[in-house]
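Rule-based calculations on the coordinates, nothing more; no lab input. Fair warning: this is a prediction, and the values are worked out from it, not measured in the lab. Cβ: placed from backbone, ideal geometry, glycine included. Neighbour counts: every protein chain shown.
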Amino acid sequence: MTAIGELPERAMRSAILSLSRQPRVGRLATRLSLTRSMVQRFVAGETLVEALDALDRLRAAGRRTTVDVLGESVQSEAAATAAADRYLELLDALAGRGLDGNVSLKLSQMGLDLSPELCRANVARVFEAAAATGAFVRIDMEDHARTDSTLAIWRELRAINPASGVVIQAALRRSADDITALIAERAPVRLCKGAYREPAAVAFPTKPEVDESYLTLLGRLLREGASPALATHDPRMIRAATDLVEREGLGRDRFEFQMLYGIRRDLQQQLVGAGYRVRIYVPYGREWYPYFMRRLAERPANVMFLLRSVVHEERRRPS
Ligand code: FDA
C-alpha cells in the first residue's frame, strides 16, 4: 500500500531522475555557478588533486575510501578509453601517495552502451592496473537494463583481479536470487537500496517494500556473505545490522558500512567511534550532473535547500 504523502515525494523524485538523463539540462546546470556550492557538498572536487586532498582528510578522520571518477553513459569510444585512462592515473596516484587502493566505476562509463567488447577491454585494463598495486575495484550497479551485463562482465574479469566486487540493489525484485548466486560464488557484494527510476515490473515501487527487501538481504549477507559492504545512511538499516552483529557475535571486521561523501557525516563519525569499519564513496570530476541529480532525488529536502540558495544568490546579485 502507498503511504499518503509518499505520492508527491515519488512524483518529485521521478521528475528529478528524469532530468538526470537529459544531457542538455546537464550542460546548462554545469555552466551555472548557482549550483556549485550545493555540488561541492556531494563531490570532492573537479580534479584529481582536489580529490586527493579530500582523501587525506578522510583518512585522518579514520574513514576508508573508494574513489569514483565521475562519468557515465559515454557516447564515443574515445570517451570510454579516456575514462579508463583516468582510472589508471587515479590508481597510480593512490599508490604513490599511500592512500586506500579502492576505486568504484560504472560500465556505461567504460563504453557498455557502445560495445560490450570495448567495455570489457577498458575494464580489463583497470583491473590489471589495480591488481598490480593491490587495489580493489567495485563495479557500481546502474539501471536494471544493465544488471545482467554488469554481473556477466564482472564474472568474466574477476580472474584478472579477484579483489573486485559488484553491487546489488534491494529495490530490484530479482536481487534475492542474485544474492543467492553471489553468496555461493563468495563474491564481495555492496548492498544499496538503488538510485534509479525503475518500472514496477522489475522493482518494488514503495519505500517500505525496498526497506523490507534491504533488511532481508542485509541479514543474509552478514551471515553468509564474503566481506559484504552495507551502503546506506538509513539509521534503521544500520541499527538492524549492528543489532544482528552483536546478537550473533559476528565480528565487526567481517563487513563494512559505506556512505556517500558529504552525507550523514555525524553517523559516519559515530560508527567509526563505535569501532565499525566505514568506507566513504568519494566522487570527483567535471561530469557530476547525473550523480548530483540522483543525490537530489534521494532527498527532496535537498531540492528545497538548492532552491533557497538560488533565491538567496539572486537577491545578492547587483541589479
Ligand atoms: P534512504 O534513501 O532511506 O535515506 C536514509 C537517510 O539518509 C535519509 O533520511 C537522509 O537522512 C540520508 N540521506 C540519504 N540520501 C541522502 C542525500 N542524497 N542527501 C542527504 N541525505 C541523504 N545506488 C545504485 O543504484 N548503484 C550503486 O552502485 C550505488 N552505490 C552506492 C555506494 C554507496 C557507498 C552508497 C552509500 C550508496 C550507493 N548507491 C548506489 C545509492 C543508494 O542506492 C541510495 O540511493 C542512497 O544510498 C540512499 O539510500 P539510503 O540507503 O541512504 O536510504
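Under 5 Å between amide hydrogens, built in the peptide plane, is the criterion, and for A203 it picks out R173 among residues at least 5 positions away or on other chains. Placing unit charges on the Cβ atoms only, positive for Lys and Arg and negative for Asp and Glu, gives the chain a dipole magnitude near 920 debye about its Cα centre. Inter-label distance, R223 to D243: 1.6 nm, where each label sits 7 Å from its Cα along the C-beta direction.
Can you give the translational diffusion coefficient of region 135-193 in µm²/s, computed by Stokes-Einstein from the Kirkwood radius over Cα pairs at 25 °C and 0.890 mPa s? This corresponds to a translational diffusion coefficient of 212 µm²/s.
For the pair region 48-93 / region 143-196, the C-alpha centres are spaced 21 Å from each other.
Taking a point 7 Å out from the Cα of R173 in the direction of its Cβ, the residues of region 183-215 whose backbone N falls within less than 19 Å of it are 193-215.
Applying Stokes-Einstein at 37 °C and 0.692 mPa s to the Kirkwood radius of region 77-145, computed over alpha-carbon pairs, gives a translational diffusion coefficient of 270 µm² s⁻¹.
Of the residues G165, S149, L218, the one whose Cα sits farthest toward the positive end of the charge dipole of the chain, with +1 on the Cβ of Lys and Arg and -1 on the Cβ of Asp and Glu, is L218.
Peptides 199-206, 133-140, 114-121 ranked from most to least packed give 133-140, 114-121, 199-206, packing being the mean of other C-beta atoms within 10 angstrom over each peptide's residues. Backbone phi angles across region 45-60, fed through the Karplus curve with coefficients 6.51, -1.76 and 1.60 (θ = phi - 60°), yield HN-Hα couplings of x, 9, 10, 4, 4, 5, 5, 4, 5, 4, 5, 4, 5, 5, 4, 4 Hz in residue order; Gly and Pro are listed as x. Compared with the alpha-carbon gap, the fully stretched path from E77 to A95 is longer by 3.7 nm at 0.36 nm per residue. FRET efficiency for the A201 to L19 pair, using the beta carbon distance and R₀ = 25 Å, is estimated at 0.60. With a Förster radius of 41 Å applied to the C-beta separation of S115 and R299, the computed FRET efficiency comes to 0.70.
Rounded to the nearest 500, the 222 nm mean residue ellipticity of the chain from helices alone is -17000 deg cm²/dmol, with -39,500 (n - 2.57) taken per DSSP H run of at least 4 residues.
By the beta-carbon count within 10 Å of each Cβ, the least crowded to most crowded order of M38, M141, M304, M293, fewest first, is M304, M38, M293, M141. Length gained on full extension, M12 to R254: 83.3 nm, using 0.36 nm per residue less the C-alpha separation. For region 295-302, 3J(HN,Hα) computed residue by residue from phi via the Karplus equation (6.51, -1.76, 1.60; θ = phi - 60°) reads 5, 5, 5, 5, 8, x, 4, 5 Hz, glycine and proline entered as x. According to the Cα-based calculation, Rg over Rh for the chain is 0.95, with Rh computed by the Kirkwood formula.
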